[in-house]
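Some notes on the structure that comes next.
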């Protein structure tokens, strides 16, 4: 009878330990999943920032090219006026 009680207590202890290990594994998996999700969000934010910076650079480059084009047009227009007035 004492042996049966000892076996029962040992079985309960094994079950408790197994359940504790399962619970801890689940907690670790959940923690890793959160960490991976956070890492992916940071990567996405960094990618969006980089894309935004590239767009801003291209936009400013386009404005600069447009400015140069308009300036060249004005210079040519003024040059044509000077040529007309001199002739």
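The values are calculated or read from the model by the stated rules, or taken from the named source; none is laboratory data. Note that the structure is a prediction, hence the values are computed from the model and not measured. Methodologically, a virtual Cβ is constructed for each residue, glycine included, from the backbone with ideal geometry; neighbour enumeration extends over all protein chains shown.
Return yes when residue 9 is modelled with pLDDT under 95, in a helix (DSSP H, G or I), more than 16 Å from the chain's Cα centre (by Cα) and on the phi < 0 side of the Ramachandran plot and no when it is not.
Yes: the conditions hold for residue 9.
Determine which member of the set 76, 71, 66 is assigned to a helix (DSSP H, G or I), surrounded by 10 or more Cβ atoms within 10 Å (Cβ to Cβ) and under 36 Å from the mean Cα position of the chain (by Cα).
66
Looking at residue 2, is it surrounded by 10 or more Cβ atoms within 10 Å (Cβ to Cβ) and on the phi < 0 side of the Ramachandran plot?
For residue 2, the condition - surrounded by 10 or more Cβ atoms within 10 Å (Cβ to Cβ) and on the phi < 0 side of the Ramachandran plot - is not met.
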